[in-house]
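Asker: One structure is given below, represented as structure tokens, and several questions about it will come after.
No value in this document is a laboratory result; all are computed from the given coordinates. In this text, all values refer to a predicted model and were calculated from it rather than measured experimentally. We place every Cβ from the backbone using ideal geometry, glycine too, and count neighbours over all the protein chains shown.
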Ligand code: FES
Ligand code: FES
């Protein structure tokens, strides 16, 4: 048997789950979709005494769009995010990020909250949530608290999450992104479904008048995955495109700002220099695509 | 590397009851038992292939409540109350091949066959969701499965042929 022995707990309510967590703290591992934890258990890199399986917490699963706020429950599977029409209208970056994760069998199980908690620098949702100024919602026996995405991620597998806390979901304010004059893009460089992307870029752009030939960019957001050890926002790139129609010149400035901000790790198949250049190119593409989508 | 597997205490166990290929099964399992090992070893379903055992190859793909899942990344205890279909559950009376299996056979979509049950099960889910997939959709639909010997072209052809059979609605056994 590959995983080491552990005690299994399957709470039926969120309250029960946080009580278990509070009791066990570091002696327990939460099990969401198990698409990453399952690997760690198989290799015994993780040997928890207790596993708290949160797959039957229906309250944590689902997508809600109300009053300009989109909320995605932690146990919502990638497949549901990928196929959600409501998300497709309000924050199309999320379904686009979801559909590029692995293959269908992984997306049938893997969850939004699991990916946020894993905090892999190459992860899609951490990057998208950073680009969208999203909020991560946490709960413990002491109640709920909210952490802005750009403060939540500290390093690979390190986040603001306390030992006794559970990620219950994420939310995004979509009022800056009215669909008729906004566009979003999530663009990744990836060679095979099973691998993590080498780099990804997430962009959102709002223009003044999509009917105009070259509409002016009112607001732009850009974040990159795997270009640093946390999702990397590039404010200089955003500044470079705002206040004028998108041009080759401003896209060049996006690429330069990204190169300057990127601080990636070497990997077996991509050294830091290559990843920096790829990040710049993907930043440029994502901004361009988002602008084209915003312009109708 | 040697791993000391001797449990310090009596291993904890859990009762589960689930449906496997249409039959109700009850068992007492250790929580760390993977669904793949439960199906292959304890239920004798040798069509569930155990390759990498950590989510990379897709050989262990089965349907859980109709959805494709890598059974090495699910615990048997998590399948409590679910309906499982393995490749064995696709064949018709007297072992008649399912149209998808028929199509794999005819297009030479296998060599050693190790990956085949995973591909066949993944194809079942794919065609249920998209009865007429183009190449791109097929590639994406089978992206979780790895084949080390046949190459993917024949496998993609098999999926196209299986889709045609489903259109004709008259080929082979099973419930295609
Ligand atoms: S054995 Fe499950 S994915 Fe390889
Ligand atoms: S036929 Fe041998 S691995 Fe696919």
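Asker: Roughly what percent of Cα-Cα pairs across segment A:3-136 reach past 25 Å?
Answerer: Working: 2475 of 8911 pairs.
Value for segment A:3-136 (Cα pairs over 25 Å): 28 percent.
Asker: Please list log₁₀ I(q)/I(0) at q = 0.07, 0.09, 0.12, 0.13 Å⁻¹ for chain A, using the Debye equation with identical point scatterers on the alpha-carbon positions.
Answerer: -0.26, -0.43, -0.75, -0.87
Asker: With r as the distance between the Cβ atoms of residue A:69 and residue A:208 and R0 = 25 Å, compute the FRET efficiency 1/(1 + (r/R0)^6) and round to 0.05. Intermediate results must be reported in sequence, preceding the final value.
Answerer: Values: r = 24 Å, r/R0 = 0.97.
Efficiency for this residue pair is about 0.55.
Asker: With axes computed from alpha carbons, what is the tilt in degrees of helix A:272-294 against the longest principal axis of chain A, rounded to the nearest 10 within 0 to 90?
Answerer: Its long axis makes an angle of about 70 degrees.
Asker: Same structure again: When N is the residue count of segment A:7-53, what does its C-alpha Rg come to as a fraction of 2.2 N^0.38 Å? Display every interim value, and only then the final one.
Answerer: Numbers: Rg = 10.6 Å, N = 47, 2.2 N^0.38 = 9.5 Å.
Compactness ratio reported: 1.12.
Asker: Additional query: Over segment B:90-168, calculate the relative contact order: mean separation of alpha carbon pairs under 8 Å at least 6 apart, over the residue count, as a percent. If you can, show how the numbers build up before the last one.
Answerer: Details: 70 pairs, mean separation 34.7, N = 79.
With pairs under 8 Å counted, the relative contact order is 44 percent.
Asker: Can you give the translational diffusion coefficient of segment B:14-86 in µm²/s, computed by Stokes-Einstein from the Kirkwood radius over Cα pairs at 25 °C and 0.890 mPa s? Intermediate values should be presented prior to the final figure.
Answerer: Working: Rh = 11.7 Å.
Estimated via Stokes-Einstein, D reaches 209 µm²/s.
Asker: When the distances between all Cα atoms of segment B:90-168 are binned every 10 Å from zero, what whole-number percent does each bin get?
Answerer: Per 10 Å bin, starting at zero, the Cα-Cα P(r) for segment B:90-168 comes out as 21, 58, 20, 1 percent.
Asker: Ok, one more. With the contact rule set at Cα under 8 Å and sequence spacing of 6 or more, what percent relative contact order holds for chain B?
Answerer: 23
Asker: State the Cα centre-to-centre distance between segment A:180-199 and segment A:244-296 in whole Å.
Answerer: Computed from Cα coordinates, the inter-centre distance equals 12 Å.
Asker: If we sort A:143-150, A:130-137, A:4-11 on the protection proxy, mean other Cβ atoms within 10 Å, highest first, what's the order? Show your work: numbers first, answer last.
Answerer: Details: A:143-150: 14.4, A:130-137: 23.5, A:4-11: 18.6.
Going by the mean number of other Cβ atoms within 10 Å, highest first, we get A:130-137, A:4-11, A:143-150.
Asker: Highest GNM mean-square fluctuation, chain A, Cα pairs closer than 10 Å: which of A:105, A:201, A:253?
Answerer: Its mean-square fluctuation being the largest, the pick is A:105.
Asker: Can you pull the one-decimal nm distance between simple spin-label points at residue A:162 and residue A:274, each 7 Å off the Cα toward Cβ?
Answerer: Placing both labels 7 Å beyond Cα along the Cβ direction yields 4.4 nm.
Asker: When you look at the Cβ of every residue in A:113-126, what mean number of other chain Cβ atoms sits within 10 Å? Before the final figure, lay out the partial values.
Answerer: Numbers: counts 0, 0, 0, 0, 0, 0, 0, 0, 0, 0, 0, 0, 0, 0.
Averaged over the peptide's residues, the number is 0.
Asker: Taking square-rooted eigenvalues a ≥ b ≥ c of the alpha carbon gyration tensor, is segment A:148-210 rounded, prolate or oblate, where a/c under 1.5 means rounded and, failing that, a/b exceeding b/c means prolate? Before the final figure, lay out each step's value.
Answerer: Details: a/c = 2.92, a/b = 1.32, b/c = 2.21.
Here segment A:148-210 falls in the oblate category.
Asker: For the residue pair residue B:28 and residue A:86, what label-to-label distance in nm results when each label sits 7 Å from Cα along the Cα-to-beta-carbon direction?
Answerer: A separation of 4.4 nm, rounded to one decimal place.
Asker: Quickly work out the residue A:47-to-residue B:93 label distance, labels modelled 7 Å from Cα along the C-beta direction, and quote it in nm with one decimal.
Answerer: A separation of 5.4 nm, rounded to one decimal place.
Asker: Based on the mean of other beta carbon atoms within 10 Å per residue, what is the order of A:158-170, A:278-290, most packed first? Walk me through the numbers on the way to the answer.
Answerer: On the way: A:158-170: 20.2, A:278-290: 25.1.
Result, highest mean first: A:278-290, A:158-170.
Asker: May I pose another question? To test your reading of the geometry: what angle, between 0 and 90 degrees and rounded to tens, separates the Cα axis of helix A:248-261 from the longest principal axis of chain A?
Answerer: The two axes meet at around 40 degrees.
Asker: Return the Rg/Rh value of segment A:179-294, two decimal places, where both radii are evaluated on C-alpha atoms and Rh is the Kirkwood radius.
Answerer: On the way: Rg = 14.1 Å, Rh = 14.0 Å.
We get a ratio of 1.00 for segment A:179-294.
Asker: Continuing with the same structure: How high is the relative contact order of chain A, given as a whole-number percent (alpha carbon pairs under 8 Å, six or more residues apart)? Write down the numbers at each step before the final one.
Answerer: Working: 712 pairs, mean separation 46.1, N = 296.
The normalised contact order for chain A reaches 16 percent.
Asker: Starting from the alpha-carbon convex hull of chain B, give the projected area averaged over all orientations, in nm².
Answerer: For chain B, the mean projected area of the Cα convex hull comes to 11.1 nm².
Asker: Enter the angle in degrees (range 0 to 90, nearest 10) between the Cα long axis of helix A:14-24 and the first principal axis of the Cα atoms of chain A, meaning the one along which they spread out most.
Answerer: 70
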